[in-house]
Amino acid sequence: MKNGLEDVIAAETQLSDVDGAAGRLVIRGVSLDHLVGDAYYEDAAVLLLDGLMEQPLSEEDLRRRLGQARAEIFAHVAAIDDGLLRLPPVDIMRALVARLSDAADFASALRLLAAPAVFLPAILRRKKGCEPLAPTPSLSQSADILAMLDGRRPSAEKVRALDAYLVTISDHGLNASTFASRVIASTGAGLTSSVLGAIGALKGPLHGGAPGPVLDMLDAIATQGNAKPWLADALDRGERLMGFGHRIYRVRDPRADALKSALKPLIEAGEVDRGRVELAKAVEQAALAILKERKPDRPLDVNVEFYTALLLEALGFPRDAFTGVFAIGRTVGWIAHAREQALEGRLIRPRSVYVGPMPKAA
Ligand code: ACO
């Protein structure tokens, strides 16, 4: 028995490879550093889903049909009522996704890819007391998400940055939410069930819920000079530093570098607060030094969430919506894994070791 199933192999996949020692992520044969920067979200979606649906896929066709799916999905936004609005954005998103039918064909996959992208901007607008904005099917997924947030046509730099983010996080081996998706698919349930279970797994702070707390940490530290003492106090209190450490990576998370690079054009275009970036760099350096000192036996480096926080803040997402943006990007990975598992056709059903009391002999 391995607590946390660490190092346990639970699936064979052609979708992605996480090399924790080398700090390398390969998505269907393409290394992340080659993919990110060139690829749009739609390219990553085709890369991941091709061969797993009932028809061959092309980027052009997927882009067109995904735009139509966003327009269709918008009707569900009317279900956001005052009761739902009291919940955090990712919980409202989960409730809305639960309304979708539960099949496993390409049309269902497209609806599920479109749903979080349409729901999140609508939820954020309703929370501000504004009416949701309808999607524009002719736009790319990233451009449309940003347009639905505030009604303005986003800059090319912002669209590229969101594409870089969505591609970077599209798939990542057998992480907790992807495993949840595969377990559900192995029972023969549909893709909506897989995506719902995966959203539930994603929202925890040990998985996809960390980037909001990264910004809380930066706010609390406030000045570069305060980084070292603040981090030392947090570790003294037994807290974990958000945005650092990973179950698999023993070196720097390659996604952190991909997102740091994606930030550069935004910084150059004046779309990011430079003071925030300088503070983040100082906190990163101070955290790496103190983690090395305090946990010499456990290499702890920056993970994807650290630069996600800066990027998503620059794109105008409030911090309580970050997990929802993560879900927009990861849904394609969850669907690809669910299909791969379903096509394999074997129920996932591990065993447990019973450590409770036995009935007394009569
Ligand atoms: N800050 C301080 N100490 C840490 C951190 C951290 N961020 N991460 C791990 N450690 C320490 C643990 O306290 C533990 O020390 P100990 O052996 O003295 O008790 C040791 O490193 C090993 O920790 P584990 O819990 O075994 O590591 P695990 O593989 O379970 O944790 C995790 C991975 C959950 C990501 C962890 O590093 C963490 O909590 N990080 C902060 C939250 C975060 O950034 N989450 C986002 C992850 S990325 C993603 O899922 C998309």
Regarding segment 244-258, can at least one residue be identified that is free of Cβ contacts under 8 Å to residues at least 60 places away in the same chain, surrounded by fewer than 19 Cβ atoms within 10 Å (Cβ to Cβ) and out of contact with any strand residue (DSSP E or B) (no Cβ under 6 Å at 6 or more places or on another chain)?
no
Looking at segment 259-270, is at least one residue at negative phi, modelled with pLDDT under 95 and polar (S, T, N, Q)?
yes
Output yes when any residue across segment 301-319 is assigned to a loop (DSSP other than H, G, I, E, B) and within 13 Å of the ligand (Cβ to nearest atom), and no when none is.
yes
Working only within segment 20-69, note down all residues that are in a strand (DSSP E or B) and loosely packed, with under 15 Cβ neighbours inside 10 Å.
S31
Any residue at all in segment 330-340 that's in a helix (DSSP H, G or I), over 18 Å from E54 (Cα atoms) and either modelled with pLDDT under 95 or within 13 Å of the chain's Cα centre (by Cα) (or both)?
yes
Could you count how many residues in segment 216-243 are within 30 Å of E157 (Cβ to Cβ) and surrounded by fewer than 18 Cβ atoms within 10 Å (Cβ to Cβ)?
6
Boolean, T192 is crowded, with 17+ Cβ neighbours inside 10 Å, under 24 Å from G20 (Cβ atoms) and among the β-branched types (V, I, T):
no
Given the options A327, A282, A289, name the one that is more than 14 Å from the ligand (Cβ to nearest atom), modelled with pLDDT of 95 or more and assigned to a helix (DSSP H, G or I).
A282
State whether the residues of segment 208-215 include one that is closer than 28 Å to F106 by Cα and surrounded by 21 or more Cβ atoms within 10 Å (Cβ to Cβ).
yes
Can you tell me which of (1) under 15 Å from the mean Cα position of the chain (by Cα); (2) within 12 Å of the ligand (Cβ to nearest atom); (3) among the aliphatic types (A, V, I, L, M) is the one L235 doesn't meet?
(1)
Only one of these conditions is not met by R274: (1) among the charged types (D, E, K, R); (2) within 12 Å of the ligand (Cβ to nearest atom); (3) farther than 22 Å from L32 by Cβ. Which number is it?
(2)
Being under 28 Å from A44 (Cα atoms), near the ligand (Cβ under 10 Å from one of its atoms) and acidic (D, E) is the requirement here; does E268 meet it?
no
Any idea how many residues of segment 144-173 are buried (at least 21 other Cβ atoms within 10 Å of the Cβ) and under 17 Å from Q68 (Cβ atoms)?
3
Identity of the residue in segment 192-229, without any contact (Cβ under 8 Å) to a residue 60 or more places away in the chain and not in a helix (DSSP H, G or I), that ends up farthest from P88 (Cα to Cα)
T223
What's the number of the only condition in (1) over 17 Å from the mean Cα position of the chain (by Cα); (2) within 11 Å of the ligand (Cβ to nearest atom); (3) among the hydroxyl-bearing types (S, T, Y) that T223 fails to meet?
(2)
Mind telling me which of the residues A180, A176, A161 ends up being more than 16 Å from the ligand (Cβ to nearest atom), touching a helix residue (DSSP H, G or I) at 6+ places or on another chain (Cβ under 9 Å) and among the small types (G, A, S)?
A161
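The values are calculated or read from the model by the stated rules, or taken from the named source; none is laboratory data. Everything numeric here is computed off the predicted structure, so don't read it as measured data. In this analysis, Cβ positions are derived from the backbone assuming ideal geometry, glycine residues included, and neighbour counts consider all displayed protein chains.
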